[in-house]
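Participant: For reference, the structure I am asking about is given below.
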Amino acid sequence: MDLVWVTKADYISDFKMELTFSNGIIGIVDFRDKFDLPIYKPLQNKDFFKTFKLNSWTIEWENGADYAPEFLYEQIKKQKATQANKVYA
């Protein structure tokens, strides 16, 4: 996998963000099931979740929580693969 980083992040709703990556891929990540570790617990508060900032490579919060851009990119790739495999009647 090529090295990618987040170049733009927009809050959508609930715990979802639209992320744009350095290679031009854009997708939505739902963070609701990604609060497992203690550092992510404050992000369960929607008001705190919305306070994210974009640093030079990913999104982060003032408590030091962040997500590796590769992890976020993989989430979007999985989502796009699932959507591509859906059959509509």
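Participant: For the range 49-65, indicate whether the set of residues that are outside any helix (DSSP H, G or I), among the acidic types (D, E) and modelled with pLDDT of 95 or more is non-empty. Talk me through it step by step, then tell me what you get.
Facilitator: First pass over the range 49-65, keeping only residues outside any helix (DSSP H, G or I): 50-65.
Then keep just the ones that are among the acidic types (D, E); that gives 60, 62.
So of that shortlist, the ones also modelled with pLDDT of 95 or more come out as 60, 62.
Scanning the range 49-65 turns up at least one residue that is outside any helix (DSSP H, G or I), among the acidic types (D, E) and modelled with pLDDT of 95 or more.
Participant: If D2 passes every condition in (1) over 12 Å from L72 (Cβ atoms); (2) modelled with pLDDT of 95 or more but one, which one does it miss?
Facilitator: Failing condition for D2: (2).
Participant: If you don't mind, another one. Can you pull out the residues in the range 47-58 that are within 13 Å of the chain's Cα centre (by Cα) and touching a residue at least 40 places away in the same chain (Cβ under 8 Å)?
Facilitator: Start the filter on the range 47-58 by keeping residues that are within 13 Å of the chain's Cα centre (by Cα), which leaves 49-50, 52-54, 57-58.
Residues satisfying the conditions are F52, L54, W57, T58.
The values are calculated or read from the model by the stated rules, or taken from the named source; none is laboratory data. No experiment lies behind these values; they were computed from the predicted model shown. Cβ coordinates were reconstructed from backbone atoms using ideal geometry, including for glycine residues, and neighbour counts include every protein chain displayed.
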